[in-house]
1. Using Cα-only point scatterers and the Debye equation, what is log10 of I(q)/I(0) for region 134-255 at each q in 0.12, 0.14 Å⁻¹, rounded to two decimals?
2. Per the 1.4 Å probe, what fraction of the accessible area of region 287-429, in percent, lies on carbon and sulfur atoms?
3. Label-point separation (nm) for residue 122 and residue 438, each offset 7 Å from Cα along Cα-to-Cβ?
4. Arrange the peptides 442-451, 397-406 so that the one whose residues have, on average, the most other Cβ atoms within 10 Å appears first.
5. Which FRET efficiency value, to the nearest 0.05, do you get for residue 108 and residue 278 by plugging their Cβ-Cβ distance into 1/(1 + (r/R0)^6) with R0 = 41 Å?
6. Taking the Cα centre of region 314-392 as origin and charging only Cβ (+1 Lys, Arg; -1 Asp, Glu), how large is the dipole, in debye to the nearest 20?
7. Beyond a 22 Å Cα-Cα separation, which of these cross-linked pairs lie in this structure: 252/341; 252/345; 58/377; 285/439; 237/345; 58/327?
8. Which loop chymotrypsin sites (Phe, Trp or Tyr not before Pro) in region 133-216, with loop taken from DSSP, have no more than 16 other Cβ atoms within 10 angstrom of their Cβ?
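The values are calculated or read from the model by the stated rules, or taken from the named source; none is laboratory data. Owing to the predicted nature of the structure, the values given are computational and were not obtained by experimental measurement. Ideal geometry is used to build each Cβ from the backbone, glycine not excepted, and the neighbour counts take in all protein chains shown. What goes into the accessible areas is simple: the full protein's heavy atoms, side chains included, and nothing from ligands, DNA or RNA. Shrake-Rupley method; radii C 1.70, N 1.55, O 1.52, S 1.80 Å.
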Amino acid sequence: RAEKTEATEKICLEIQAERNRDKTRVLESDQWKQGECHDRHQTEQDRFTITSLALMGKDILEVACGNGDLSVFLVQKGFHVTGIDISEVGISQAISYAKQEKVANMTNFLVMDGTQLNFDDNTFDSVIFPEVFEHVINSRRYISEAIRVLKPGGRIFISVPDTLEISWPGHIRLFTKETLSVELDQYTDNIIWYEMNFKKWLLCAFTPNAKKGNDVVENLPLVNILMSTYNRANVIKQAIDSIIHQTYNKLKLLILNDGGEDISEIVRSFHDDRISYHEFEHNGKAATLNHGLQLVDDGYIAYMDDDDLVFPNHIESLVRAAILYQKDFVFSDTYLTSIDKDSGKVLHQTIENTADVDVTSLKFFNQINHKQILHTKSLADRVGLYDERLQILIDYDYIKRLALLTTPFHIKLITGNHFLYYDNHTISTISGLWDRDQKAVGESLLVIFSKHPQDMYDLYIGFQQQTQLLHAKDAELYKFTPHYTVQ
């Protein structure tokens, strides 16, 4: 709104000159001139995976594609990718790499400036900016061009180094989640954050307000979310709220009341026809979940605890992973947050599990949070129902049986929060049975291990070996310890 004068004109020209120097500066530190290398660290491979889960549609533009690593990775997952870069060396390497990987027909690599895209309006389903904005003075011209070539309903994905976690000579700006939010708030009301289980990059996506619509067509499957509940009227609203605000809309939430207090009014208050409410006699969580499984006809199955929450991209990330990577069983990570029940104060927070998991690592204890999993209905039909004999470890037993049929696919993304409520230093939820009722724990473990006799044998052998080792150490220590005879 400022009046344009000679002084403002001079400032604008100076800013423009500085922006023009961006290209020169970036090319001076062009990493692709140092040689062609497609070996990526595991964390970078994980970032590629997360990027693939955030994209809408199939027609993708990658701005600053470099030597084509990410573009080729995405093409191998079924996307059609156009990659542009100001580095002629990088584009040459990208073309060569696509030919080497036999995906040249699915890629289009061009030398081009991201602030002047030679594409028609509404061309791409998604636009990616992988580590671009830390190199340039201002992102406005890049994002404006991306919005122009983006289809209505499409998505822009951005990744930048998280503050000082990654250093590079060409970086001239640092970002935190807050500063990146400020930069993007002018384009959207809803930034979707992708929080990986290690601190290295800031990853986010958004549909620009100027491009709201539905030109991007995706035929995605139905997800049935089972939420068993028992006398949790005080916390269930936040759990339901986190489901209905998912970025993935093709879902049904089945709230399964295990004979607890009536919460039908709470359910109706959401005015969402994707939610259905079912009441049963009180027979425990396993029986209630079995009722839910029998209500599902097709699609995918996910779960929700009545006292937890999931982040907006939770279901979408799981579904896209299952489809892109052709997996029947996928899971993501979650925070584990301890809360004082009376005050609501957070006592402690950590990431619950971060490891890849297979049936061997599930031999003796669970490493996957139940609400973080998604699997096909066909896999559920094969594995059968939940074991209603169990009072505790219901989830562990079912997850272990799923993993026996197929290795779970791990998405290294935090998409939820698992709360432990402490009352007088004791966990008040079902997890607290570990301390409150060890007899029930023992009975449940006996039931689970009876299904896996080899695991029981391995546990016994492991215990014997550990005992022998301790005895050997005690004997060795005894030889070098002074002994006295008391008379």
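1. -0.63, -0.80
2. 47
3. 6.8
4. Highest mean packing first, the order is 397-406, 442-451.
5. 0.20
6. Roughly 100 debye, rounded to the nearest 20.
7. 252/341; 252/345; 58/377
8. Counting only loop positions with at most 16 other Cβ atoms within 10 Å, the chymotrypsin sites (Phe, Trp or Tyr not before Pro) in region 133-216 are 198.
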